[in-house]
Amino acid sequence: MAMKVNISERVLHFKQPAGTSRGVYTERRIWLVNVSDGEAVGVGECAPLLDLSCDAMEPAVYNKVLRGFCDQVEQTGEIPYEEMRDYPSMLFGLETAMMDVRSKKADRKGILFDTPFARGEQGITINGLVWMGNHEEMLQRMEEKLKLGFRCVKLKVGAIDFDQELDLVKRIRERFSYHEVELRLDANGGFRPDEALYKLELLSQYAIHSIEQPIKQKQWAMMAELCRESPLPIALDEELIGISDPDAKRQMLRIIKPRYIVLKPSLHGGMMGCREWIEIAKDEGIGSWITSALESNIGLNAIAQFCSEVYGENIKMPQGLGTGQLFTDNIPMPLEIRGDKLWISKNS
Ligand SMILES: [Mg+2]
């Protein structure tokens, strides 16, 4: 029987306004794609990030473009992968929905990738996220994360006064040694090119694991210089947005030579594109981890299962999958965080 693909638009509401590198969000528009082949229905989430995704558009336009790809799926029964390279959020949604249909037909409901994580036998270690605040607030939030069991915490920097941020990192390190907690930083492009190296040198005193995107993307020569000179390992994130061709991916990594890349399927080429990124990076001696990007539980579930599939037994680094409890009206899924691990619960 021929495939039918339906699209439904939804607006999710944040429990607390979410500050990102591109401003503060109070709500979040997503598109759910339901793929049916007459026997089973699979669902996937398309969740572009306003002003950040390369395929963010006016809702009406987004809907129309997505509909076009869904029509192709209906006609051919296949995802038009090559045509969808520049539409990562749409591709990720369709990839998820197609895998979901297959899993339901094979009577392994909910298992997109057959891994110990997807079967509920193993958790994935994740990092905790601590938002910037004043000294007391931040130390308290750190304490809370450690009490919950987190051993890797990510801090956003580059937003408030740098001396204050440096002082906070110093105080956190005075209180928690690097044996107790791995600190990752994310600057979201917040440092000016002329001051970035100096700031990285100062931050490197405090045993920091890595810093994401110290300067804004598309300054390859400058970023390459930072990666060469910085005592603090650099991870690229926003830099990967919009680079969809495999040769271009390799070229960028060869020029910049970062220590790590951070992958988000909704932003960085869907699961197909992220798989390519991971393989090319590995070839070039560059590490990677995966993070979610404010998706609902539908997307988070698929990202986490994908993560368990691509890294398999080698999944040692904490992943950024802890953003599941953000919305007042999230879509229920059997996901839970126990200690510092994300799990699929078995008995639901
Ligand atoms: Mg980042």
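Structure values in brief
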{"quantity": "Condition met for E229 (more than 16 Å from the ligand (Cβ to nearest atom), touching a residue at least 24 places away in the same chain (Cβ under 8 Å) and closer than 29 Å to G149 by Cα)", "calculated": "no"}
{"quantity": "Residue tally, condition open to solvent by less than 20 Å² (accessible area, probe 1.4 Å) and farther than 23 Å from S210 by Cα, over segment 302-330", "calculated": "5"}
{"quantity": "Verdict on L112 being of a type outside the set (F, W, Y), in the same structural domain as E313 (by TED's automatic domain parsing) and either surrounded by 22 or more Cβ atoms within 10 Å (Cβ to Cβ) or within 16 Å of the ligand (Cβ to nearest atom) (or both)", "calculated": "no"}
{"quantity": "Enumeration of residues in segment 89-122 that are hydroxyl-bearing (S, T, Y) and farther than 13 Å from G44 by Cβ", "calculated": "T115"}
{"quantity": "Residues satisfying the stated conditions in segment 242-267, i.e. farther than 13 Å from D86 by Cβ and either within 16 Å of the ligand (Cβ to nearest atom) or under 16 Å from the mean Cα position of the chain (by Cα) (or both)", "calculated": "I256, P258, R259, Y260, I261, V262, L263, K264, P265, S266"}
{"quantity": "Any chance G190 is touching a residue at least 60 places away in the same chain (Cβ under 8 Å) and closer than 19 Å to N134 by Cβ", "calculated": "yes"}
{"quantity": "Condition broken by R184, with the remaining ones in (1) more than 16 Å from the ligand (Cβ to nearest atom); (2) under 21 Å from the mean Cα position of the chain (by Cα) satisfied", "calculated": "(1)"}
{"quantity": "Scan of segment 285-312 for residues that are touching a residue at least 40 places away in the same chain (Cβ under 8 Å), part of a helix (DSSP H, G or I) and of a type in the set (A, V, I, L, M), ordered by number", "calculated": "I298, A302, A304"}
{"quantity": "Residue in segment 329-346 that is touching a Lys or Arg at 6+ places or on another chain (Cβ under 6 Å), outside the structural domain of Q16 (by TED's automatic domain parsing) and of a type in the set (V, I, T) present", "calculated": "no"}
{"quantity": "The lone exception for K145 - which of (1) touching a strand residue (DSSP E or B) at 6+ places or on another chain (Cβ under 7 Å); (2) open to solvent by less than 10 Å² (accessible area, probe 1.4 Å); (3) more than 16 Å from the ligand (Cβ to nearest atom) it fails", "calculated": "(2)"}
{"quantity": "Residues of segment 35-58 satisfying the condition of being at pLDDT 95 or above and either of a type in the set (F, W, Y) or surrounded by fewer than 13 Cβ atoms within 10 Å (Cβ to Cβ) (or both)", "calculated": "E58"}
{"quantity": "Hits in segment 14-34 (condition: within 17 Å of L300 (Cβ to Cβ) and modelled with pLDDT of 95 or more)", "calculated": "R29, I30, W31, L32, V33"}
{"quantity": "Wholly within segment 193-258, helices (runs of 4 or more DSSP H) carrying at least 1 residues that are among the β-branched types (V, I, T) and crowded, with 17+ Cβ neighbours inside 10 Å", "calculated": "246-256"}
{"quantity": "Residues of segment 35-59 satisfying the condition of being more than 29 Å from E238 (Cα to Cα) and either part of a strand (DSSP E or B) or of a type in the set (A, V, I, L, M) (or both)", "calculated": "V35, S36, A40, V41, G42"}
{"quantity": "Count of segment 272-298 residues which are open to solvent by less than 30 Å² (accessible area, probe 1.4 Å) and either farther than 19 Å from I126 by Cα or not assigned by TED's automatic domain parsing to the domain that holds E309 (or both)", "calculated": "5"}
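The values are calculated or read from the model by the stated rules, or taken from the named source; none is laboratory data. These numbers were taken from a predicted model, which means no experiment stands behind them. Counting neighbours? That spans all protein chains shown, and the Cβs are built from the backbone with ideal geometry, glycine included. What goes into the accessible areas is simple: the full protein's heavy atoms, side chains included, and nothing from ligands, DNA or RNA. Shrake-Rupley method; radii C 1.70, N 1.55, O 1.52, S 1.80 Å.
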